[in-house]
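*Asks:* This is the structure I have questions about; it appears just below.
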Amino acid sequence: MPPEHLRRSSRIAREIAILLLGSDMEGKVFSEETKTVLLSRHGAGIVSRYVLSAEQELILRRLDTNKEAEVRVVGKLGVHGKSYTYGVAFLDPEMDLWGVKFPSMTDSEKEASRVLLQCSSCKAREMVQQSDLESDVFLVNEGIVRSCKSCGSSTFWRRASEPAPLEKVTPEAEEGAEPVEIFPAASPSPGPARQPAAHPENRRKHVRAKVNFKACIRSYTFGDDIVTCEDISRGGLCFKSRKEYVAKTEIEVAAPYSPGAPAIFVRAQIVHVEELKLERRFRCGVCYANS
């Protein structure tokens, strides 16, 4: 990480031995002893030999205190040989894993962290105040992966080339951030009023990360069904299958899943089914029990 980033008030360069628990880009579950290189009130900069994707979630445990926290990968900060440096953020904004009193950001740092972003997919715009980790990832990658309400999934966002008229303001900024201002994409002519999203699962409270690995769906009707996962979150997942499931069906799911390897099944329920006629498959939304 560039030295000038280490000098900013909300970051502290420090190595702490940690254990990472999660799955890599191929869906393989791993347990890795590694270290932090940077501490933040929002999370940390960590080193890993595994290839991780932005928005995926991991368990981070301090080896000296055994305290742990759920984190999400904000993005990649660097590569050193066969090791990668990632910025990870606490899912619980009130988490105090480090026991460190971080200096408050200065007014100039807060202003510098405000940026007008544009979704590379639907072109929606948002004025956001990024956390320190998001600012670092954004500067290194010239963009950042974040959840897009219009697309209903995680997409890559870049700095918008020019401002657009302000339409509405929503109070969904991060801890200590100013309100988020939502800007619509430019449109050549007025069109019909935008309809609500067709699929309610797009409004789930948990951020979904795009994935491409196998899962095993166990049900009374179809037995063990090996399917392909499209996205996953803390609250559930979405998969494709040739089987026609019915909404409200109680199931058990193991994800990721490798035939012949130990699998952990959890209780869940089918909450949405969509027929994909061209693919001769069905897309199913799943909600974990008690999520």
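The values are calculated or read from the model by the stated rules, or taken from the named source; none is laboratory data. Please read these numbers as outputs of a predicted model, since none were measured by experiment. Reconstructed Cβ throughout: ideal geometry from the backbone, glycine too, with neighbour counts over all protein chains shown.
*Asks:* May I ask you to say which residue of 53, 104, 131 is surrounded by 19 or more Cβ atoms within 10 Å (Cβ to Cβ) and either closer than 24 Å to residue 147 by Cβ or in contact (Cβ under 8 Å) with a residue 60 or more places away in the chain (or both)?
*Replies:* 131
*Asks:* A further question on this structure: Any residue in region 103-121 that is at negative phi, in contact with a Leu (Cβ under 7 Å, 6 or more places away or on another chain) and not basic (Lys, Arg)?
*Replies:* No: region 103-121 contains no residue that is at negative phi, in contact with a Leu (Cβ under 7 Å, 6 or more places away or on another chain) and not basic (Lys, Arg).
*Asks:* Are any of the residues in region 15-35 loosely packed, with under 15 Cβ neighbours inside 10 Å, under 14 Å from the mean Cα position of the chain (by Cα) and not assigned by TED's automatic domain parsing to the domain that holds residue 261?
*Replies:* yes
*Asks:* Among the residues of region 217-269, what is the count of those that are assigned to a strand (DSSP E or B), of a type outside the set (Ser, Thr, Tyr) and either assigned by TED's automatic domain parsing to the domain that holds residue 55 or surrounded by fewer than 20 Cβ atoms within 10 Å (Cβ to Cβ) (or both)?
*Replies:* The total comes to 13.
So that you can scan it fast, the table gives a plain yes or no per residue for (1) closer than 21 Å to residue 53 by Cβ; (2) buried (at least 20 other Cβ atoms within 10 Å of the Cβ); (3) at pLDDT below 80:
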| residue | (1), (2), (3) |
| --- | --- |
| 122 | yes, no, no |
| 139 | yes, no, no |
| 146 | yes, yes, no |
| 151 | yes, no, yes |
| 159 | no, no, no |
| 163 | no, no, yes |
| 167 | no, no, yes |
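*Asks:* Follow-up. I'd like the full set of residues that are small (Gly, Ala, Ser), within 22 Å of residue 93 (Cα to Cα) and outside any strand (DSSP E or B), limited to region 106-151.
*Replies:* Of everything in region 106-151, those that are small (Gly, Ala, Ser), within 22 Å of residue 93 (Cα to Cα) and outside any strand (DSSP E or B) turn out to be 112, 113, 131, 135.
*Asks:* Among the residues of region 98-109, is any at pLDDT 90 or above, closer than 20 Å to residue 43 by Cβ and either touching a strand residue (DSSP E or B) at 6+ places or on another chain (Cβ under 8 Å) or charged (D, E, K, R) (or both)?
*Replies:* For region 98-109, residues at pLDDT 90 or above, closer than 20 Å to residue 43 by Cβ and either touching a strand residue (DSSP E or B) at 6+ places or on another chain (Cβ under 8 Å) or charged (D, E, K, R) (or both): present.
*Asks:* Consider residue 94 carefully, then state whether it is of a type outside the set (A, V, I, L, M) and in a helix (DSSP H, G or I).
*Replies:* no
*Asks:* So, in region 36-50, how many residues would count as being part of a loop (DSSP other than H, G, I, E, B) and either of a type in the set (Phe, Trp, Tyr) or within 18 Å of the chain's Cα centre (by Cα) (or both)?
*Replies:* 2
*Asks:* Looking at residue 197, is it at pLDDT below 85, surrounded by fewer than 18 Cβ atoms within 10 Å (Cβ to Cβ), of a type in the set (A, V, I, L, M) and not assigned by TED's automatic domain parsing to the domain that holds residue 53?
*Replies:* Criteria met by residue 197.
*Asks:* With the checklist (1) at pLDDT 90 or above; (2) within 22 Å of residue 155 (Cα to Cα) in hand, flag the one item residue 53 doesn't pass.
*Replies:* For residue 53, the failing item is (1).
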